[in-house]
Amino acid sequence: MTKGDSLMISVETVNEILKIDDSYKAPDKLMQAMLNKESREAMFRKFLEIERDLSYDWFQSYYEQEHAERKGKKQDFTPMAVSDLLSKLVQDSDPHTFTDDTAGNGGMLIKAWRNNANPITTNPSEYWFVAKDLSDRSIPFLIFNFAIRGWNGLVYHGDILEQKYKNIYFIQNPDDNWVGFSEVNSVPRNNFDDEDKRWLGISEFYGDEVSHIESENSVVWDNQKKGQVSLFE
């Protein structure tokens, strides 16, 4: 079995680590873990005992088989070979910023990261990732893929066309170390004024707010303002 053909981590193994008896329970169980630092990092270590190659999305085959809404929403994954080609085609535009407005689990971002980042000569803080997706099922896998790789960035959960979001998650590597995991935070809605919403691309929030903050430092770089902006204060 190869990475290009199928996922090396089986459906049964994923379900065993998540302690579920049916794959439809995976998104909820995974999201619970993503919002609990101790549980999340324990889960990461269990997966890393099985697979240490972070250059591809471990969950692509699992998600396609168990969670993709192909019939109702025409939802499908970009093949790995296409993701790899696209990441190479755009790598010279800004090799330190990675954005996917229909991210799914983040497979294309992982490919772009693999083709551009150099963990030997650069630190995680030199890269910024932005992912957006509407699917409730995709977001937990997306946060997982950010945090286990020690990325810094934002995960938007909502409608990118109308810029309406349920929640925005700030993922931060506090130790700026590639072998460290990232922290997971939900950005408080009441901290956004009109100017903040414009540069973050938000028209409004909807649904239930997730309240969860782990990081002490919430300062991010804003390219439009050419300065630092706090997401929590």
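The values are calculated or read from the model by the stated rules, or taken from the named source; none is laboratory data. Computed from a predicted model, the values in this text were never measured in an experiment. When we count neighbours, we look across all protein chains shown, and the Cβ atoms used for this are built from the backbone with ideal geometry, even at glycine. All accessible areas refer to the heavy atoms of the entire protein, side chains included, with ligands and DNA or RNA removed. Shrake-Rupley method; radii C 1.70, N 1.55, O 1.52, S 1.80 Å.
Near the amide H of Glu183, within less than 5 Å, lie the amide hydrogens of Gln172, Asn173, all on another chain or at least 5 residues away, with H placed in the peptide plane.
The amide H of Val130, built 1.01 Å from its N in the peptide plane, has Phe98, Thr99, Asp100, Leu154 as neighbours under 5 Å, considering only residues 5 or more places off or on other chains.
When peptides 160-166, 53-59 are sorted by average Cβ neighbour count within 10 Å, with the highest value leading, the order is 53-59, 160-166. Per-residue Karplus couplings for segment 146-159, computed as 6.51 cos²θ - 1.76 cosθ + 1.60 with θ equal to phi - 60°, are listed in order as 5, 5, 5, 8, x, 7, 10, x, 10, 10, 9, 10, x, 8 Hz, Gly and Pro entered as x.
Length gain on complete extension for the stretch Asp176 to Glu126, per 0.36 nm per residue less the alpha carbon to alpha carbon distance?
Details: separation 50, 0.36 × 50 = 18.00 nm, distance 0.92 nm.
In short, 17.1 nm is gained.
Of Glu16, Glu51, Glu209, the residue with the largest accessible area leads and the full order is Glu16, Glu209, Glu51 (1.4 Å probe).
Accessible area per residue was computed with a 1.4 Å probe on protein heavy atoms; Leu134 scores about 90 Å². List, in the order given, every pair from Lys29/Lys111; Lys46/Lys132; Lys166/Lys197; Lys19/Lys166 whose Cα-Cα distance in the structure shown is over 22 Å. Pairs exceeding 22 Å: Lys29/Lys111; Lys46/Lys132; Lys19/Lys166.
Derived scalar couplings between HN and Hα for segment 104-113 equal x, 8, x, x, 5, 5, 4, 5, 4, 4 Hz in order, rounded to whole Hz, by the Karplus curve 6.51 cos²θ - 1.76 cosθ + 1.60 (θ = phi - 60°), x for Gly and Pro. Shown in residue order for segment 191-196 are the 3J(HN,Hα) couplings computed by the Karplus curve 6.51 cos²θ - 1.76 cosθ + 1.60 at θ = phi - 60°: 8, 9, 8, 4, 5, 4 Hz (x for Gly and Pro). Measuring only protein heavy atoms, the 1.4 Å probe finds Asp193 accessible over about 80 Å². Between Glu49 and Lys164, the simple label model (points 7 Å from Cα in the Cβ direction) yields a spacing of 4.5 nm.
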